[in-house]
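Colleague: Below is the structure I would like to discuss, written out as structure tokens.
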Amino acid sequence: MALNILINGAKGRMGQAVAAAAKAAGVNVGAAIDVGDNAADALARCDVIIDFSSHQTTRALLELAVKERKAIVIGTTGHAAGERQELLALAAKVPCVWAGNFSVGVNLLFALTQRAASVLGAEYDAEVVEMHHRFKKDAPSGTAARLLEIILQERKLDVSALRHGRSGITGERRSTEVGIHALRGGDVVGDHTVMFAALGERIELTHKASDRAIFAQGAVRAAQWVIGQKPGVYDMQDVLGLRS
Ligand code: NAD
């Protein structure tokens, strides 16, 4: 039977890109909804939800998916750390792909960052810089948050190590800091650089997205994949078979 997807946040930039990617992949859009539409009615006609809307929507959407035992792909970002932990417990009750970034290139960047952070010790200062379009509502990006999580895990640090921008008399940089800087402007789809800087050399890993179609194609691929999985929270490393 053909797969029917429900797009939540259908009028947004990503919602529209998902509709186009589904069409190109021959996947049927059973319903496309936005603010004010009835998600329960729409879901009755669909097998899997793809959500790119607002972080305030995630809980209600997950509760609906659990009630109706439907799979879900969550692309929405901007959840606070505590909020995310609570939502993960709910998401684990259905087959769920939750990814801060659905592009193949960025998922490779995650793997490369992990490798670099494990090879390059604390004498290599780690900093993450991201840039997005002027309309983006949250910072740092979900992708930057995941890159930071990887670095913190490898260095056995917690979130208190993060330095969100710097200003004033900050003192010398400590080796236990991990910097994060969010730039906003124009129509930038999404740039991320992870930098490891020591005395004498510096390595930079950069990914630049120039078309949000890459995220939409990844989300459609995730929807096709997740429908056959057991309940649990997966990410794009699972979908792409990149998990080591
Ligand atoms: P956008 O503002 O263009 O679109 C969001 C849409 O969601 C709007 O049409 C809005 O009306 C709708 N919406 C808001 N609340 C809703 C609700 N309660 N029910 C239904 N619809 C609702 O934003 P965008 O650029 O499309 O991004 C959407 C989200 O996806 C953001 O959190 C963004 O950071 C994230 N994003 C993730 C990835 C990824 O790969 N994971 C890539 C790009 C963007």
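Colleague: Quickly run through region 131-160 and pick out the residues that are part of a strand (DSSP E or B) and away from the ligand (no atom under 11 Å from the Cβ).
Modeller: First pass over region 131-160, keeping only residues part of a strand (DSSP E or B): 131-132.
Listed by number, the list holds a single entry, Met131.
Colleague: Out of the residues in region 109-130 that are in contact (Cβ under 8 Å) with a residue 24 or more places away in the chain and part of a loop (DSSP other than H, G, I, E, B), which is farthest from the ligand (Cβ to nearest atom)? Write out each step before concluding.
Modeller: Start the filter on region 109-130 by keeping residues that are in contact (Cβ under 8 Å) with a residue 24 or more places away in the chain, which leaves 109-114, 116-118, 120, 122-130.
Restricting the remaining residues to those that are part of a loop (DSSP other than H, G, I, E, B) gives 120, 122-124.
Working: Leu120: 27, Ala122: 30, Glu123: 33, Tyr124: 28 Å.
Looking at the filtered set, the residue picked out is Glu123.
Colleague: Just one of (1) more than 19 Å from Val94 (Cβ to Cβ); (2) out of contact with any helix residue (DSSP H, G or I) (no Cβ under 7 Å at 6 or more places or on another chain); (3) of a type in the set (Ser, Thr, Tyr) trips up Thr77, so point out which.
Modeller: Thr77 satisfies every listed condition except (2).
Colleague: Another question about this same structure. Being over 17 Å from the mean Cα position of the chain (by Cα) and surrounded by 18 or more Cβ atoms within 10 Å (Cβ to Cβ) narrows it down to one residue among Val27, Val18; which is it? Outline the logic, then answer.
Modeller: Working: Val18 fails: over 17 Å from the mean Cα position of the chain (by Cα).
After applying the criteria, what remains is Val27.
Colleague: Those residues that are among the aliphatic types (A, V, I, L, M) and within 24 Å of His132 (Cα to Cα), I need them from region 1-34; list them, please. If you could, list the steps in order and put the result at the bottom.
Modeller: Taking region 1-34 first, the residues among the aliphatic types (A, V, I, L, M) are 1-3, 5-7, 10, 14, 17-22, 24-25, 27, 29, 31-33.
Answer for region 1-34, where residues must be among the aliphatic types (A, V, I, L, M) and within 24 Å of His132 (Cα to Cα): Ile7, Ala10, Met14, Ala17, Val18, Ala19, Ala20, Ala21.
Colleague: Looking only at region 163-187, which residues are farther than 16 Å from His133 by Cβ, open to solvent by 30 Å² or more (accessible area, probe 1.4 Å) and of a type in the set (A, V, I, L, M, F, W, C)?
Modeller: Ile169
Colleague: Quick check on my filter: what residues within region 40-69 are in contact (Cβ under 8 Å) with a residue 60 or more places away in the chain and more than 9 Å from the ligand (Cβ to nearest atom)?
Modeller: The answer is Asp47, Val48, Ile50.
Colleague: Can we say Gly190 is open to solvent by less than 40 Å² (accessible area, probe 1.4 Å), within 19 Å of the chain's Cα centre (by Cα) and either more than 14 Å from the ligand (Cβ to nearest atom) or not β-branched (Val, Ile, Thr) (or both)?
Modeller: Values: open to solvent by less than 40 Å² (accessible area, probe 1.4 Å): yes; within 19 Å of the chain's Cα centre (by Cα): yes; either more than 14 Å from the ligand (Cβ to nearest atom) or not β-branched (Val, Ile, Thr) (or both): yes.
It is true that Gly190 is open to solvent by less than 40 Å² (accessible area, probe 1.4 Å), within 19 Å of the chain's Cα centre (by Cα) and either more than 14 Å from the ligand (Cβ to nearest atom) or not β-branched (Val, Ile, Thr) (or both).
Colleague: Output yes when any residue across region 93-111 is farther than 22 Å from Gln217 by Cα and surrounded by fewer than 22 Cβ atoms within 10 Å (Cβ to Cβ), and no when none is.
Modeller: Yes, region 93-111 contains at least one residue that is farther than 22 Å from Gln217 by Cα and surrounded by fewer than 22 Cβ atoms within 10 Å (Cβ to Cβ).
Colleague: Look through region 11-31, keep the residues that are within 10 Å of the ligand (Cβ to nearest atom) and out of contact with any Ser or Thr (no Cβ under 9 Å at 6 or more places or on another chain), and return whichever of them is farthest from Ser210 (Cα to Cα).
Modeller: First, pick out the residues of region 11-31 that are within 10 Å of the ligand (Cβ to nearest atom): 11-18.
When the remaining residues are screened for being out of contact with any Ser or Thr (no Cβ under 9 Å at 6 or more places or on another chain), the result is 11, 13, 16-18.
On the way: Lys11: 20, Arg13: 14, Gln16: 16, Ala17: 13, Val18: 16 Å.
Among them, the one singled out is Lys11.
Colleague: Being among the hydroxyl-bearing types (Ser, Thr, Tyr) and open to solvent by less than 70 Å² (accessible area, probe 1.4 Å) is the filter here; which residues of region 194-244 pass it? If you could, list the steps in order and put the result at the bottom.
Modeller: To start, the set of residues in region 194-244 that are among the hydroxyl-bearing types (Ser, Thr, Tyr) comprises 206, 210, 234, 244.
Hit for region 194-244 is Tyr234, nothing else.
The values are calculated or read from the model by the stated rules, or taken from the named source; none is laboratory data. If you're wondering where the values come from, they're calculated on a predicted model, not measured in any experiment. Methodologically, a virtual Cβ is constructed for each residue, glycine included, from the backbone with ideal geometry; neighbour enumeration extends over all protein chains shown. For accessibility, only protein heavy atoms count, side chains too; no ligands or nucleic acids. Shrake-Rupley method; radii C 1.70, N 1.55, O 1.52, S 1.80 Å.
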